[in-house]
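Written below as structure tokens is the structure these notes are about.
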Amino acid sequence: MKIELTNYGIKRIQQGNPLIQAEDLKVNIKKIPLEWVHFVDNKNKYIATGYLGKQNKGFGWVIDQTQRPIDQAFFMEKFQQAIAKRQSFFADETTTAFRLFNGEGDGVGGITIDYYADYLVISWYNETIHYFKKMIVDSLLQVFPNAKGVVEKIRFKSELVESRWLAGEKPQEPLIVLENGVSYAVYLDEGYMTGIFLDQKEVRGRLTEGLAAGQKVLNMFSYTGAFSVAAAYGGALETTSVDLAQRSLPKTQEQFEVNGLPLAQQKIIVMDTFDYFRYAARKNLSYNLIVLDPPSFARNKKKTFSVAKDYGRLIEDSVDILTEEGMIIASTNAANLPLKKFKKSIETALNNKNVSYRLTESYRLPADFPASHFEESNYLKVLFYSIKK
């Protein structure tokens with residue numbers, strides 16, 4: 001099938017951007033074709049091969065520009081290249097969980113594969129790429145025959161079960177994986193989440209190395225407490241983990257327990273983040289280091305939170321309960337928020353609080369999460385601010 005692109009769409013592809021947007025297409029597509037397509041110009045000249053598939057990032061992906069067939073050999077080659085790039089991760093005995101294939105960064109948008117101690121988790125982000133599941137999974141197992149088991153996550157609107165096993169055996173759960181020498185309990189088949197966000201390994205690594213040694217650490221939007229565990233492992237005096245989800249309490253306790261870290265120095269609180277800021281200010285609690293890693297968008301019964309709109313408020317509330325000299329680790333995975341804007345929202349809030357501050361470190365996606373040539377692809381932004389009140 002051939003689909004004509006606008007001149008602007010062609011230009012974007014030629015500049016290295018593999019993401020197709022609806023406005024890049026000359027025709028209005030009513031029904032998305034479940035097949036590979038050739039994108040052409042207005043003279044019917046070949047531009048690229050790819051597919052259309054709706055997902056939050058756009059309307060489709062370019063995956064080749066050489067007119068080769070998109071078959072099992074194509075996917076085997078892509079997977080072999082991705083595995084070859086990650087040999088240093090396979091060789092690192094202190095880390096047994098990382099991203100094996102990162103969508104468009106590894107040449108095929110719409111699919112990611114994570115490695116958890118010989119188990120693989122495949123995430124499908126649109127219906128079209130999922131349609132080719134059998135060929136893709138067969139290709140993967142050809143080049144990675146040592147996989148003990150494969151689980152899939154359906155991350156597009158569908159009547160399919162969101163998580164299920166495709167091949168091999170299920171592990172004893174929790175499955176214990178290592179990252180920077182720290183143990184993490186993961187569950188590969190519990191909905192979308194496994195218990196750890198692998199893209200934050202370098203930030204947790206800094207905490208593990210001792211950035212938080214002797215400090216009181218507050219971890220907001222803590223999920224399963226991975227930052228808290230890394231901080232405690234790295235010598236934090238005490239940690240406080242705050243998350244609204246009820247499951248965060250047993251999940252976080254479990255993460256400390258698998259590392260043999262005493263729970264006496266760790267507080268785990270189920271509460272709305274902004275409510276906790278008010279509570280901590282009222283009780284005159286203070287922290288040397290505050291980690292802020294909220295979801296891009298969240299809603300509870302009373303209110304909504306969006307990174308683009310509300311991050312400055314998080315920073316201001318954090319300053320109120322920070323020690324005279326302290327640090328805020330500000331993080332977001334909001335793909336639609338450029339780094340420059342994120343930095344500005346943080347620094348505007350710090351200026352509003354009349355504190356002196358210095359940006360000491362910054363992190364983007366780690367090496368196992370290669371990004372493509374468009375800003376949203378490198379979605380992770382983590383900024384360390386040293387603050388003096």
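The values are calculated or read from the model by the stated rules, or taken from the named source; none is laboratory data. From a predicted model like this one, the values you see are computed outputs, not experimental measurements. Cβ atoms come from the backbone with ideal geometry, glycine included; neighbour counts cover every protein chain shown. Areas reflect the complete protein model, heavy atoms only, side chains present, ligands, DNA and RNA absent. Shrake-Rupley method; radii C 1.70, N 1.55, O 1.52, S 1.80 Å.
Which FRET efficiency value, to the nearest 0.05, is calculated for Lys341 and Tyr8 with the Förster distance at 22 angstrom and r the Cβ-Cβ distance? Numbers along the way, then the final one.
On the way: r = 24 Å, r/R0 = 1.08.
After rounding, the FRET efficiency stands at 0.40.
Hey, how many Å between the Cα centroid of the range 240-279 and the Cα centroid of the range 287-306?
If you average the Cα positions of each part, the centres end up 15 Å apart.
What are the ³J(HN,Hα) values, in whole Hz, obtained from phi via the Karplus relation 6.51 cos²θ - 1.76 cosθ + 1.60 with θ = phi - 60°, for each residue of the range 55-65 in sequence order, with x given for Gly and Pro?
8, 4, 7, x, 10, x, 9, 8, 10, 7, 10
Give the percent of DSSP beta bridges with both residues in the range 72-176 that are antiparallel, rounded to the nearest 5.
75
With every protein chain kept in place and ligands, DNA and RNA left out, what is the accessible area per residue of the range 2-64? Probe 1.4 Å, answer in Å².
With the other protein chains kept in place, the range 2-64 gives 52 Å² per residue.
What residues qualify as long-range amide H neighbours of Leu380, i.e. H under 5 Å apart, gap of 5 or more or another chain, H built at 1.01 Å from N?
Correct list: Leu365.
Are there any trypsin sites (Lys or Arg not before Pro) in the range 171-274 that are in a DSSP loop and have at most 15 other Cβ atoms within 10 Å? List them by number.
Arg247
Could you give the nm distance between label points at Phe297 and Leu237, where each point is 7 Å from its Cα heading toward the beta carbon?
With each label placed 7 Å out from Cα toward Cβ, I get 4.1 nm.
Taking the range 72-176 on its own, what percent of its Cα-Cα pair distances exceed 24 Å?
More than 24 Å apart: 19 percent of the Cα pairs in the range 72-176.
Taking the radius of gyration and the Kirkwood hydrodynamic radius from Cα positions alone, what is the Rg/Rh ratio for the range 131-241, to two decimal places?
Details: Rg = 17.3 Å, Rh = 16.1 Å.
Over the Cα atoms of the range 131-241, Rg/Rh equals 1.08.
Give me the Å³ per residue figure for the convex hull around the C-alpha atoms of the chain.
Output value, Cα hull per residue: 147 Å³.
Could you compute the FRET efficiency for Ser158 and Ser362, with r as their C-beta to C-beta distance and R0 at 51 Å, rounded to 0.05?
E between Ser158 and Ser362, to the nearest 0.05, is 0.90.
Can you tell me the orientation of helix 248-258 relative to the chain, as the angle in degrees between its alpha-carbon axis and the longest Cα principal axis, to the nearest 10?
Once rounded, the angle reads 80 degrees.
Residue by residue through the range 199-211, which ³J(HN,Hα) values in whole Hz follow from phi under the Karplus form 6.51 cos²θ - 1.76 cosθ + 1.60 (θ = phi - 60°), with glycine and proline marked x?
6, 9, 4, 6, 5, 4, x, 5, 5, 4, 5, x, 4
Write down the percent of antiparallel bridges among all DSSP beta bridges whose residues are both part of the chain, to the nearest 5.
The antiparallel proportion sits near 65 percent.
Could you tell me what percent of the accessible area of the range 72-176 is made up of carbon and sulfur, with a 1.4 Å probe and every protein chain present?
In the range 72-176, the share of accessible area belonging to carbon and sulfur is 48 percent.
Between 0 and 90 degrees, rounded to the nearest ten: what's the tilt of helix 339-352 against the longest Cα principal axis of the chain?
Once rounded, one gets 20 degrees.
If you add up the charges near Lys153, with Lys and Arg at +1 and Asp and Glu at -1, over every other residue whose beta carbon is less than 11 angstrom from its beta carbon, what do you get?
-3
Along each of the three principal axes of the Cα atoms of the range 197-388, give the extent in whole Å, ordering the values from largest to smallest.
Largest first, the range 197-388 extends 45, 38, 36 Å along its Cα principal axes.
For the range 267-278, what does the Karplus curve 6.51 cos²θ - 1.76 cosθ + 1.60, with θ = phi - 60°, yield as ³J(HN,Hα) per residue in whole Hz, taken in order and with x for Gly and Pro?
Using θ = phi - 60°, the values come out as 9, 10, 10, 9, 6, 4, 4, 5, 5, 5, 4, 5 Hz.
With all protein chains present, how much of the accessible area of the range 2-64 (probe radius 1.4 Å) comes from carbon and sulfur, to the nearest whole percent?
48
Roughly how many percent of the accessible protein surface of the range 294-389 is carbon and sulfur, given a 1.4 Å probe and a whole-percent answer?
48
Between Ile32 and Lys148, what length comes free when the chain is fully extended (0.36 nm per residue of separation minus the Cα-Cα distance, one decimal in nm)?
38.3 nm
How much length would be gained if the chain were fully extended between Tyr192 and Glu93, taking 0.36 nm per residue of separation minus their Cα-Cα distance, in nm to one decimal?
Result: 33.0 nm gained on full extension.
Per residue, how many Å² of accessible area does the range 72-176 show with a 1.4 Å probe?
45
How big, in percent, is the set of alpha carbon pairs in the range 44-129 lying more than 23 Å apart? Walk me through the numbers before you get to the answer.
On the way: 1073 of 3655 pairs.
Distances greater than 23 Å cover 29 percent of the Cα pairs.
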